[in-house]
Every structure is written in structure tokens, then in C-alpha cells.
There are 2 protein chains.
Amino acid sequence: MAEQAGTPRRTPLSRERILRTAIALADTAGIESLSMRNLAQELGVVPMALYKHVANKDELLDAMIDMVVGEIDTSIPDTDWKQAIRGRILSARSALQRHPWAALAIESRNMATPAILGYLDSVVATLRSGGLSADLAHHVMHAMGSRVLGFSQELFDTARDAGRSGPAAAPQPAAMPPEVAARFPHLAEIATAASHDDASVVGSGCDDQFEFEFALDLLLDGIERLQQQGWTSAHR
Amino acid sequence: MAEQAGTPRRTPLSRERILRTAIALADTAGIESLSMRNLAQELGVVPMALYKHVANKDELLDAMIDMVVGEIDTSIPDTDWKQAIRGRILSARSALQRHPWAALAIESRNMATPAILGYLDSVVATLRSGGLSADLAHHVMHAMGSRVLGFSQELFDTARDAGRSGPAAAPQPAAMPPEVAARFPHLAEIATAASHDDASVVGSGCDDQFEFEFALDLLLDGIERLQQQGWTSAHR
DNA sequence: CTTGACAGGTGTACGGCGTACACCTACCGT
DNA sequence: ACGGTAGGTGTACGCCGTACACCTGTCAAG
């Protein structure tokens, strides 16, 4: 229908389309190659055209973040608070894994898009309705830190670089070159420790999902214990 | 001595001097205003001069990170592992607080300067000598994540923006504007919860140091419990 | 049917960035 | 005396974000 050959007239550009293209670009090519010029080209449009729909690059990034945060499943199961929180956080994690650039982007912002605030608020609500005091809930949010948004926060982050065009993006830097292992013997020791009896692990060795849940449960169990023994700020 | 007036000939530039100036600049003006051109000017030198001492900006950043990590006190007290780790991490935290740009810089790097590896290795060594299995030590390192480097990782990060020239850098955004509080009632509730009986807190209300130690102890206590009950990877 | 406002895409230009590359110059060991 | 070399300089390129003036198609009011 319509659309003669003369002027190809792409679908007419809109904030929505810009955001989706930007996210797709960041997902596949890495956040560092998301420039206004790049993005415009992807949309078949001149760079300045974007500014009719977003204020500037920072606002664009904020909007992208909000869209990712919006992917987090916050449907509330009526189990106990611990399971509810656990589920929410694991959902957050999977959203952030679909968009590896998002974690760093969120941290770089001084803070708090409305979507993030809304999500945090819902988490706090769950804690409170689970019987935690406002005080304890406060400390818990700090303790969870960005983990509540699903950040693996690993330091040795395997995902981060993301991108690559091909489907196989090099499985891993492969264990550890021996001269490095020699200089850091204890790291070398534990690097191989966890993969010993587990078949699901292929690369240099650790199951990110397991590690994430290990830490998460460590925190959740500790929190539950505090709650059960009626924690108050009797410290300091 | 020497140094006539004709050519002011600043102290002759060196990798050391570049690094120190770069760190000072990042500390006081913020990492985003550390450019090669800026830094060169600060040193009274033309930008390209820097490249005789550092390979490029990335290498410069890595070296800056290494210098900050080098500030972490790793002297080993012969108390138990838990106290040793605790002390190390709190020292890391104070180093990172002196250089607010460092946390983000470290996370942006795909990973691991030698100094960081060395530090991590020493932490693992302490865990192992405290009797933790290699396996458990591995998971513990993941669970601690970047907290082992003293990251507050707060999400609502009060420090980050850093810089400012004057001594008073605005104490805090002041609690929460009421229309925001209305939209996020649970956040509003806990935002004020923790400051109730504590005089040491002035701003909008939380004692970062306390929160950090709260989370740290939650993790350490949980780990100790696992160790005491002889944890093995009997999960999954 | 004319008109004029306005939303949305365009073109040009500016200042800043990292850094490649050719150069110059002062010093040093032979 | 001299050639090499370490270290500072100058110019230039291609990228970035974006200010600002401009054009063009659409549509409502006269």
C-alpha cells in the first residue's frame, strides 16, 4: 500500500522507534558504539533528526534504562516475602543479562529514573508486608545494593564486552595463562575449584547463575535470621 | 638551584608525575573532565608529550587504578580470618572513598590489572589459611563481588559526583521532594527510618559507613556459618 | 482555495576529544 | 666531534555531541 519507489520514506521515526533501535544497537554492538550519528544512520536519518524526539544523549540513555527496567517481572506471587524477593531479583538479573550495557549505564547515572524508583518501591513494599521493620528494610536495601537490580557485579565480569556479530563470541579467555597462575597461586587454586564435579560448565569454569544465587541466598538467609530474632538497631 | 628565568622549565615530566597529577585531577574535578589535553595543560606541556610516557588513555586509567589499589593496606594482623578480611575490605573502602572515580573506572575495565589480581590473591590466601575449602573460597569471592574492593555499590550513591571546588559540596539532595514521596510511599518510609535515633547523621539520612559494615557483616557471618557446618557443594 | 502555523527532517558548523606522524632539540657515550 | 636517542612540539585527521538556521509537507482556519 502507498509508498512508491521514488522516495523510500522509512517508517516515520518516533521516540519509541528510536529507543528500540538504540537498545538493539547497544545490545549487539556494545554501548560504546552507540553514538547519535551511528544511531541516526541505523534509522536512515540525519543525526539532528533525533533531537526532535529526545532532548540529548543523556536523556536517551535514561529512557533506554527505563525500558530495560520495565522488562523486570514484578507480578507478585503470594508466597512468602523471601521467595517473592528472590523471584523479582532473578527476573531483574535476566533482564540485565539481555542488555549487558545496562548495568554500567545505570551505575554511571547519578541515579534514579522513575522506573527504577518504582521497582525499588515495589521491592520495599514486599519486604514490609513480609513483616520487616522499616528500619530493617532500609538496611536490607543497602545491603543488597545494586544486586537488587540483578547486577552480577562480579569484578571478573564475563559478559560485559557483549556484541560480536557472529553467534559464537569466544567462550572464555580459557582458564589462566600459566605464568599468571604462578604469580597468583591462590587465585589459580580457586579458579579451578568449582568446576570439578559439575558437567554443566564448559569454559574456564564457573556457573554465573549458581554464583549469583549463592550470594543472593547468603544475603536472604542472613536477613531472614535477623528478622526472626527481632532485629533492632541495637548496634553502634 | 639552576633554572634561570628565561625558560621556566617545569619539573621534567615522568610517568610518576603524570599519574599523580591525573589522579589529583580526577579527584578534584571528576573523572569526566580528565582528558589528555586537560591533563597536559595541568602539567604545562603539550598533549602529545604524555604519549612518551603512557601508551594511551586506557593504559593511563589502568595505571591510575593500580595506584589506588596500591593504597589498600594489606598488612596482615594475626587475628582470625574474619577480622583480617574485614579490616582489608574496610581499608579498601577508605581508599576508594578518597578516589570516588575509581569504582566506576574499575568496573568499566573488562578486568584485572596486576595490582587488583595481587590484592584478590591476598584475600583468597587469607580465606584459605582460615580453613575455608578452595571451593567455598571461590563462591565467597563471587558473593563478595566488588564489595571486596570496597565498593559501596549503592545505587543511591551519595559520593559519585565528587569534585566541586568549594569545601562545602551540598550536604545532600535533602530528603525527598513531597510529590516524589507520594509516588513511592515505601521508599519514603524507609528513607527516614534509619536516622531516627542516631545523632551522627545530618543530611537526608543514612550513615554510609554503617550500611557498608551492616552488609559486610551479614555476608561474613553467613560465610562463617557455612564454614562451621562444613559446607560442600551439595547444592544443585 | 489560500494561507500560515507548526511538526519534523536537513545541512552546516563549532568546539572538544584521542592520537598518528613528522619534526626538532638537547644530551650522552664514544 | 658526532651520531643516537629520549623526550617535548605542531599539525592534522576522524570521531563525538549538539546549536542554529533552514526547508518541507500537513492541516486547520479564513
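Per-structure values
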{"item": "Under 5 Å, built H, 5+ apart or other chain: amide partners of B:THR113", "result": "none"}
{"item": "Closest approach to the axis - chain B beta-carbon, rotation onto A, Å", "result": "B:GLY222, 2"}
{"item": "Nearest-first distances (nm) between copies at A:GLU59, label 7 Å from Cα via Cβ", "result": "4.1"}
{"item": "Relative contact order computed over region B:15-54 (Cα-Cα under 8 Å; 6+ residues apart), in percent", "result": "36"}
{"item": "Distance between modelled label sites at B:LEU104 and B:GLU59, nm, 7 Å Cα→Cβ extension", "result": "2.6"}
{"item": "Pseudo-label separations to other copies for A:PRO47 - Cα-to-Cβ vector, 7 Å, nm", "result": "1.6"}
{"item": "Shielding by partners, peptide A:130-136 (average Cβ within 10 angstrom, other chains)", "result": "3"}
{"item": "Charge context of B:ASP221, other residues only, Cβ under 15 angstrom, K/R +1, D/E -1", "result": "-2"}
{"item": "Chains B and A together, accessible area buried on both sides, 1.4 angstrom probe, square angstrom", "result": "5900"}
{"item": "Potential extension, B:GLU42-B:ALA181 segment - 0.36 nm per residue separation minus Cα distance", "result": "45.6 nm"}
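The values are calculated or read from the model by the stated rules, or taken from the named source; none is laboratory data. Computed from a predicted structure; not experimentally measured. Using ideal geometry, Cβ is built from the backbone for each residue, glycine included, and neighbour counts are taken over all protein chains shown. Heavy atoms of the whole protein, side chains included, go into the accessibility calculation; ligands, DNA and RNA do not. Shrake-Rupley method; radii C 1.70, N 1.55, O 1.52, S 1.80 Å.
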